[in-house]
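Trainee: Attaching a single structure in structure tokens format; questions to follow.
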Amino acid sequence: MVGGIDKYILGISEIFDAPTEDKGSRISLTEHRDVRNIIKKRERDSHKGTYGRVGILSGSKGMAGAAVLNCNAALRSGSGLVKACVTEAIYCIVESMALEAITYAFNEQNINYDELNRELIQFSDVIATGSGCADMKRYGELLKFLAENSQKPLVIDAEGINLLTPDILNNHRQIMILTPHYGEMARLINKDPDYMRENIIEKAAEFACRYNVYLVLKGARTVIACPRGNSYINTTGNPGMATAGSGDVLTGIIASLIGQKIEITDALRAAVYIHGLAGDIGSSYAGEYSLIAGDIIRYLPEAFKAVMGQEDV
């Protein structure tokens, strides 16, 4: 089923001028053998509360699909409960397209923060935010509220990264995971996009250590940089995944695995690997030109089964 995926896995020397997987290096590849034992078989006496509560604050008018993709990716990745906190403008869309998610609508002109605290922060084991929030009025205020009031792990994507302030980065108290692409990363550090063309791993690691965050730098080979200096380079994925919504799917997978109480580094490595593997499986059916973000979600079950199997992919 997935035997042809090896053709997508490039030698690391083709992309990064950096040592990998030697005893003195803090840079490692993420391959099938590294993630095969992270996703565990479910216990027979488990229930939906066993597998985590994911809170999602994302989407805005014109970009409701981001919230839908977040929710459905989290659900397909094993979350027991997913709650979408969305604006009234997109509530009906999200409720009708993410049927298994709980939905809560708020008035973006008159935000009730006590209610939002109860519905989102108190509900969740992990919170994902930022996907598709570009047209959400007062989103910067919402992001600041989450950073200041939630002790839960916070996965920040897209507009959330664009609106991060030095105050949030320097003073956050929770585990924080940022998922920028190269352009967002360049804006985050106030550099020209060309700055991210060289020494990618070094720059990602420096940022992660400086601000005590986990950085998932999305690209042809996504790099995970951890606060203690370790970096991991993913080996799955293909150019067909360069399509709108692919990052929203990854955000949902990351939040799902963290919500299931998987150790953060393991959760990130598994999420990025499985995301790319689902894209590789999808491209084997749809081709790279026709692959869309929904296909990545569609093939998540096959990717999870491959990762949980006993044979190397």
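The values are calculated or read from the model by the stated rules, or taken from the named source; none is laboratory data. Only a predicted model underlies this, so the values are computations on that prediction, with no experimental measurement involved. Reconstructed Cβ throughout: ideal geometry from the backbone, glycine too, with neighbour counts over all protein chains shown.
Conditions (1) at pLDDT 95 or above; (2) under 19 Å from Ser58 (Cα atoms); (3) outside any helix (DSSP H, G or I); (4) not aromatic (Phe, Trp, Tyr), marked per residue:
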| residue | (1), (2), (3), (4) |
| --- | --- |
| Asp194 | no, no, no, yes |
| Ala205 | yes, no, no, yes |
| Ala208 | yes, no, no, yes |
| Leu215 | yes, no, yes, yes |
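Trainee: Right, here's the next one. Going through Ile111, Ile121, Ile127 one at a time, which residue ends up being among the β-branched types (Val, Ile, Thr), farther than 24 Å from Gln260 by Cβ and in contact with a helix residue (DSSP H, G or I) (Cβ under 9 Å, 6 or more places away or on another chain)? Talk me through it step by step, then tell me what you get.
Mentor: Details: Ile121 fails: farther than 24 Å from Gln260 by Cβ; Ile127 fails: farther than 24 Å from Gln260 by Cβ.
The conditions single out Ile111.
Trainee: Filter region 206-221 down to the residues that are small (Gly, Ala, Ser) and without any contact (Cβ under 8 Å) to a residue 40 or more places away in the chain, then identify the one that is farthest from Gly247 (Cα to Cα). Can you show your working first?
Mentor: Initially, region 206-221 is screened for residues small (Gly, Ala, Ser), giving 208, 219-220.
Of the ones still in play, those that are also without any contact (Cβ under 8 Å) to a residue 40 or more places away in the chain are 208, 219.
Details: Ala208: 19, Gly219: 10 Å.
Step by step, filter region 206-221, then rank; the result is Ala208.
Trainee: Tell me yes or no: at least one residue of region 272-290 is of a type in the set (Phe, Trp, Tyr) and in a helix (DSSP H, G or I). Please lay out each step first, then the result.
Mentor: Residues of region 272-290 of a type in the set (Phe, Trp, Tyr): 273, 285, 289.
Next cut, in a helix (DSSP H, G or I) only: 273, 285.
Yes.
Trainee: For the condition of a type outside the set (A, V, I, L, M, F, W, C) and in a helix (DSSP H, G or I), what is the one hit in Arg221, Arg228, Arg269?
Mentor: Values: Arg221 fails: in a helix (DSSP H, G or I); Arg228 fails: in a helix (DSSP H, G or I).
After applying the criteria, what remains is Arg269.
Trainee: If you don't mind, there's one more thing I want to ask. Anything in region 77-108 that is farther than 16 Å from Asp125 by Cβ and of a type in the set (Gly, Ala, Ser)? List them, or say none.
Mentor: Selection gives Ala89, Ser96, Ala98, Ala105.
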